[in-house]
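The values are calculated or read from the model by the stated rules, or taken from the named source; none is laboratory data. Owing to the predicted nature of the structure, the values given are computational and were not obtained by experimental measurement. Neighbour counts are summed over all protein chains in view; Cβ atoms, including those assigned to glycine, are modelled from backbone coordinates with ideal geometry. We work out accessible area using only protein heavy atoms, side chains counted, and drop any ligands, DNA or RNA first. Shrake-Rupley method; radii C 1.70, N 1.55, O 1.52, S 1.80 Å.
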Amino acid sequence: MDHWLSKVTALLVPSVNKLDELPDRAKVIFDYDAKAAIANPGNAEVLHSAKTDDVLAAFTWRIINESVPLTAERFKAIVNEVKTESGVKGKELFHPIRIALTGTHSGPEFDKLVPLIEEGSALALPVKVKSVKERVAEFAAGRK
């Protein structure tokens with residue numbers, strides 16, 4: 001667990017100016033709340049964008065039906081599949097996916113974040129880290 005926490009810290013430290021900002025940044029891993037993400041006015045523009053429903057439907061279906069452990073490489077492949085299927089790229093692709101995973105449209109790079117979320121979800125921590133699949137399912141249910 002110490003090794004995992006050191007990776008979490010290494011991911012988050014570059015985005016803070018003072019150490020007391022770390023707990024707020026760590027919410028992206030430890031405090032996922034789909035209902036809050038959906039209700040957040042800062043996410044409204046992205047969530048109401050014309051192509052968002054297509055992106056999230058394709059992404060959700062793939063994540064929910066994924067049967068192998070989700071690695072950074074597999075996650076990237078899924079995003080590329082969603083890109084091809086939806087015809088959407090750039091922030092119109094990445095922002096809805098990031099909101100579904102983290103609750104906000106900005107944050108750490110997926111290739112570093114996804115493995116940490118997956119690894120953390122398998123650890124016996126005082127606060128449960130929800131897996132990518134759990135987050136996406138909760139987000140999809142909250143948008144219905």
Output the qualifying pairs, or none if there are none: Cβ atoms under 6 angstrom, residues six or more apart or on different chains, first residue in the stretch 90-107 and among the charged types (D, E, K, R), second residue in a loop (DSSP other than H, G, I, E, B). GLU92/LYS51; ARG98/HIS105
Considering only the stretch 1-55, state which residues are under 18 Å from LEU116 (Cβ atoms) and hydroxyl-bearing (Ser, Thr, Tyr). SER6, THR9, SER15, TYR32
Write out, first by first residue and then by second, each pair whose Cβ atoms fall under 8 Å of each other, whose residues are 6+ apart or on separate chains, and whose first residue, in the stretch 1-27, is closer than 21 Å to GLY103 by Cα while the second is hydroxyl-bearing (Ser, Thr, Tyr). LEU22/THR9; ARG25/SER15
Please determine whether any residue of the stretch 45-57 is buried (at least 16 other Cβ atoms within 10 Å of the Cβ), in a helix (DSSP H, G or I) and without any contact (Cβ under 8 Å) to a residue 40 or more places away in the chain. yes
Are there any helices (runs of 4 or more DSSP H) wholly within the stretch 81-144 with 1 or more residues that are under 12 Å from LEU56 (Cβ atoms) and open to solvent by less than 10 Å² (accessible area, probe 1.4 Å), and if so which? 91-102, 132-143
Cβ-Cβ under 7 Å, sequence separation 6+ or interchain: first residue in the stretch 65-76 and touching a residue at least 24 places away in the same chain (Cβ under 8 Å), partner surrounded by 15 or more Cβ atoms within 10 Å (Cβ to Cβ) and of a type in the set (A, V, I, L, M, F, W, C). Which pairs? LEU70/VAL114; LEU70/VAL132; ALA72/VAL114; PHE75/PHE110; PHE75/VAL114
